[in-house]
Structures are given as C-alpha cells and as structure tokens.
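K.L.:
Take this structure, written in structure tokens, and hold onto it; I'll ask about it next.
The values are calculated or read from the model by the stated rules, or taken from the named source; none is laboratory data. Only a predicted model underlies this, so the values are computations on that prediction, with no experimental measurement involved. A quick note on method: Cβ atoms are made from the backbone with ideal geometry, for glycine too, and the neighbour counts reach across all protein chains shown.
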Amino acid sequence: MVNLYIISGMSGAGKSQALKIFEDFGFICVDNMPIKMVADFADICIKNQDKYEHVAISVDSRAGKSLESFIGLLIVLRNKEINYKILFFNASDAVLSRRYSETRRRHPLGKSVYIGIKLERKIMNKIFMIANEVIDTSNLTVGELKKLISRFTGTYQSGEKQYLNISVISFGYKYGLPNDADIVYDMRFIMNPNYVHNLKFKTGKDTDVVEYIEKQKEFISFFNLFSKLINTTLIGYINEGRSYLTIALGCTGGRHRSVFTAERLVKFLKSKKYKVKLNHRDILHDKINFLK
C-alpha cells in the first residue's frame, strides 16, 4: 500500500524543512506538486509500490485557485485506496513575520508580509480544518521537529540514533583532506608502522599492524578519550537535528594508523547502535604507489 503524506500549512512554518526530514527518513518527496498532477502521480506510485511505498508531497498557497479542488482530490485518493495523511505546519503570526525578516524573502502571495500572512490563513483554512495533525513550529528546534515527524510516520524507535548517518573516512594527508569532512583528527602522533620493515607493505587491517599500534600506550589513552568525546558530541548533533556527519582520520599515507583507528571507531560506534559507513579512501592509492 502507498503511504502518502500531504505536507501543507503556512509559508515560513517549516514545510520545506519537513520535506527534508521526510527525505532523510527514506521518503520520495515532491515539493509544490500541482494539484491536477497528484492523481496521475498516485497512479505511478500504485504501479511502482516498491519504489513509491512512502511518499510525501507539499501542497500550499502557491497552488492558487486549484486549491478549490483539494477536497475532490482527497476523494480520488481514497477511491484509489491511497493511505494518506495531512500534516499542517503552523506558527504564530509574530514568528512567521520574524522568519521572513531574518531570511529577507518576499511572501509567496506577493503582498507585504503582514497582509500575506492574513490572506494566506484564509486561503489555507479549509486544509487546516481537515488536517490529521497540526504541527506548531513556533518554538520547535529542528531536532524536536524530526522527533515529532518520526512519531507521526511510525518510524520512531527508542532513541534517535538511527537518524544520524555517520561516515568514517581514513585518508592520507599527502593526498589532501576529504572535502566533506565535518570532524578531522590527525593520527600522525602514533609511531608509524611504515618504518617497520615487515609492516611497511601491510595495512591497518592486518593483525601485525593492529598489534603494533595497540601496544602503544599513547593510542590506548587517546582512543579512550576520543571515543567518549565523539559519543558526547554525537548526542548534541542528534538534538540539533543533524542527519549526516563525516568523521575523517588521517595519517601520512592513509594505509596504517588512520585505517586502524577508523576500523576501531566504526566498531565502537556500531556498539552504540549508530548507522555507520566506512571508507578507506587512500588504502589502495598508497599501495599502488609502493608497487611503482
């Protein structure tokens, strides 16, 4: 069955942010879909339910006169056995006015902000009256909004860790910093296995290299502190509504120290129930250079 969420509400009340959150949850999202196209889109979803099982679209005052056919659209969706829910995003006039002032954007109805808000409330009242849920974002943070939406959509689980997607990257400084890194840590304070003859052509995945690094007291002390620090900061990122975070660990060539630490960090994060992807960016790159 197709699960369709219709995102509507006041301009400036958080509809765009809500669509981003739905997208993070794995929904197919379409912003400002013309109402006349929704029924045909529903047919596409029905025929391709593997791809379009969870869908979110936004319908708001930008639809103009076509909003008059909104009730008729709901009847069509019901006849097609589309499981739909309407989420109406709202905020106080004062908050909406402040948000427009902060972003310096014009109201979509082309009026002054004050007049636009008053007019839009009249236009959107019919949808407001039939909404399944009304979400007032006046005092909500992005993190709180994400939790609300997760509960409404039934995707909520104990804790919110599953909604922070973490990428851990090992890299070599001589090949440059990863462009998408949020947190970068330099592992070159550890004694380099590259200068140990029987370890030079191995990687941080190999047992000999693992044992060599684990014997270093500096690494043990570092990782105990580092893992606690990361675990603490991740909770803050979740509360702020962050969806993606990239942690990069670097050493000279990206083969030994950074690889081992990245492996260890991923194991730690998975033990804390986080979603984690691991990428050893330069492990093969440096090996190719050795073989030249």
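K.L.:
Considering only segment 67-81, state which residues are modelled with pLDDT of 90 or more and of a type in the set (A, V, I, L, M, F, W, C).
P.N.:
70, 71, 73, 74, 75, 76, 77
K.L.:
Is it the case, given these coordinates, that residue 37 is of a type in the set (A, V, I, L, M, F, W, C), within 21 Å of residue 125 (Cα to Cα) and surrounded by fewer than 19 Cβ atoms within 10 Å (Cβ to Cβ)?
P.N.:
In short, no.
K.L.:
Give the residues of segment 70-104 that are of a type in the set (Gly, Ala, Ser) and surrounded by 14 or more Cβ atoms within 10 Å (Cβ to Cβ), sorted by residue number. Talk me through it step by step, then tell me what you get.
P.N.:
First, pick out the residues of segment 70-104 that are of a type in the set (Gly, Ala, Ser): 72, 91-92, 94, 97, 101.
Correct list: 91, 92, 97.
K.L.:
Looking at (1) modelled with pLDDT under 95; (2) surrounded by 15 or more Cβ atoms within 10 Å (Cβ to Cβ); (3) not hydroxyl-bearing (Ser, Thr, Tyr), which is the only condition residue 198 fails?
P.N.:
So residue 198 meets the others, but not (2).
K.L.:
Follow-up. Just to be sure before I move on: is residue 106 more than 21 Å from residue 241 (Cβ to Cβ), among the basic types (Lys, Arg), out of contact with any His (no Cβ under 8 Å at 6 or more places or on another chain) and modelled with pLDDT under 90 in the structure I sent?
P.N.:
Judged against the criteria, residue 106 is a match.
K.L.:
Cβ-Cβ below 6 Å, separation at least six or inter-chain, first residue in segment 17-38 and under 18 Å from residue 154 (Cβ atoms), second of a type outside the set (Val, Ile, Thr) and assigned to a helix (DSSP H, G or I): which pairs?
P.N.:
Close Cβ pairs satisfying both conditions: 21/146; 29/19; 29/22; 29/23.
K.L.:
Taking the condition of being on the phi > 0 side of the Ramachandran plot and surrounded by fewer than 18 Cβ atoms within 10 Å (Cβ to Cβ), how many residues in segment 211-260 meet it?
P.N.:
The number of residues fulfilling the criteria is 0.
K.L.:
Which ones in segment 258-286 are out of contact with any Gly (no Cβ under 8 Å at 6 or more places or on another chain), under 17 Å from residue 213 (Cα atoms) and polar (S, T, N, Q)?
P.N.:
Result: no residue meets the conditions.
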